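The values are calculated or read from the model by the stated rules, or taken from the named source; none is laboratory data. Since the model is a prediction, treat every value here as computed from it, not as a measurement. Positions of Cβ are generated from backbone atoms using ideal geometry, with glycine treated the same way; all protein chains shown enter the neighbour counts.
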Amino acid sequence: METRIPASVRTSQKLSELLTQGVAEGEARSELIKLAVRKIVEEALEAEVAEAVGRGYYESGAGPGAGYRNGYRRGRLRTAEGAIDYGVPQVADRAEPFVSRVRAGLAGRTAELEQLAVEMYARGLSTRDIEAAFRDASGASLLSRTAVSQVTERLWQEYEAFAGRDLSEFVVAYFFVDGVAERLHAGMPREAVLCAWGITEDGRKVLLHLAPGTKEDTASCTAFFEDLKRRGLADPLLAVTDGAPGLIRAVETCFPRALRQRCLVHRMRNLRSKAPESQWPEIALRARGCYEAASPALAAVLRDDFVAAYERELPAVVQCFRDDFDACIAHLRFPLRHRRVIRTTNLLERLFLEERRRTKIIPHAFGERPVLKLMYAAVIRAADRWRGLTVGEFEQRQLRAIREELDRVHAERTRPAVRHIPSASPSKLSSKVRT
């Protein structure tokens, strides 16, 4: 059965396994480059054959003389990383023997292929890069634009499969969402691309969704969350966002059972913008002590102390500190070992910085498809290296208790009100009978 699977697909599976394990220096990095080069070459050869026989891998014949695929044989490249074996698709029953121009042009191109492989999972496959890597000595392209498009389209297909997959297998305890502004259309302002990831109740970190949201308004964010729910994502225990009003309203609407956590990194930035520079170290220390208190009750005591200290002198600071306070300390209801991770959207912030660093290599990639392909390639590559969160038996009991409490509160809040109809007195009943 494996022989009926395209060689590039089998290579992709091996590459995904290696990325999931995490890529270290030395041998693992060398193996990554070799597999990536192999994937690029196999996809280029398969695209060339698809054009020659006039059909895709599983499509029916294109007519007499076009030929048909007849398995694979082994090819070999010699590179700085060592010999790389790859699958060469064979074509039979063709009016004229099929001769691969791609294979003929591979000699002397290994340096370009290795460079392309290094970038492939970092920023996606650009058409220009692939055309440059597959030129002969005269500079003519060995792949037609159709074949190049087929290779680059693989990444879009991977993204679409990711964006449409079933999410019901993930029982998410902690849900994080944030947006990053990207230039999706030439000459237009930057638009938000929303990204969501979660930590499951057994501690796994998983990238859940990446999609354009137009802007971080209520309608865009609600549509983003409704898509997650349609694909089987249940209400998390805690949803972590920044202070964007649209995100907050959408979370409260779409995940009514969840508690909401305000990202404390964003909140501290808000406070700093309103505090005198000379007083900021003291204000930051007291605010952080409140937000990171041992319990919600202690946080409330420290809040009152903070307000009393600064209310008269710094009313703008105090107003900012009081705003959405319950959401700032929601993490204090959760296991102690988890609080540092769940009180910010820091992981997404770092991920967006990495994505920006890589996507700026192609500064003129406009349009939803090119930008999303580049973002997806960078983000999924980073997500594959995420380490999980420790969830012991004690934490599991805590999470179960929190879920039961949230379900009970939601049931009470949504229970229909029962109208009380007063019963008639005996005297009124007897008078009705007489009439």
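Asp178 falls short on exactly one of the conditions (1) at pLDDT below 90; (2) in contact with a Phe, Trp or Tyr (Cβ under 7 Å, 6 or more places away or on another chain), and that condition is (2).
Results for (1) modelled with pLDDT under 70; (2) more than 24 Å from the chain's Cα centre (by Cα); (3) surrounded by 12 or more Cβ atoms within 10 Å (Cβ to Cβ), shown as yes or no for each residue.
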| position | (1), (2), (3) |
| --- | --- |
| Thr3 | yes, yes, no |
| Gly22 | yes, no, no |
| Leu32 | yes, no, yes |
| Ala36 | no, no, yes |
| Lys39 | no, no, yes |
| Val49 | no, yes, yes |
| Ser60 | yes, yes, no |
| Gly67 | no, yes, yes |
| Gly75 | no, yes, yes |
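Taken over segment 297-323, the residue count meeting the criterion of being surrounded by 14 or more Cβ atoms within 10 Å (Cβ to Cβ), within 29 Å of Arg397 (Cα to Cα) and either small (Gly, Ala, Ser) or within 34 Å of the chain's Cα centre (by Cα) (or both) is 2. Selection of segment 282-296 for residues being under 35 Å from the mean Cα position of the chain (by Cα), outside any loop (DSSP other than H, G, I, E, B) and more than 14 Å from Cys320 (Cβ to Cβ) yields Leu285, Arg288, Gly289, Pro296. Of the numbered criteria (1) among the polar types (S, T, N, Q); (2) at pLDDT 70 or above; (3) surrounded by 15 or more Cβ atoms within 10 Å (Cβ to Cβ), the one Gln150 fails is (2).
Here is a yes/no grid of residues against (1) over 23 Å from Asp166 (Cα atoms); (2) among the charged types (D, E, K, R); (3) exposed (fewer than 15 other Cβ atoms within 10 Å of the Cβ):
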| position | (1), (2), (3) |
| --- | --- |
| Asp202 | no, yes, yes |
| His209 | no, no, no |
| Arg230 | no, yes, yes |
| Ile248 | yes, no, no |
| Thr253 | no, no, yes |
| Leu271 | yes, no, no |
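Residues that are loosely packed, with under 12 Cβ neighbours inside 10 Å and touching a Lys or Arg at 6+ places or on another chain (Cβ under 6 Å) were ranked within segment 77-97; the one that is modelled with the highest pLDDT is Asp85. Just one residue in the set Cys328, Cys263, Cys254 is of a type outside the set (A, V, I, L, M), in contact with a Lys or Arg (Cβ under 6 Å, 6 or more places away or on another chain) and on the phi < 0 side of the Ramachandran plot; that residue is Cys328. Consider segment 324-358 and keep the residues that are among the polar types (S, T, N, Q) and surrounded by fewer than 22 Cβ atoms within 10 Å (Cβ to Cβ). The one that is modelled with the highest pLDDT is Thr344.
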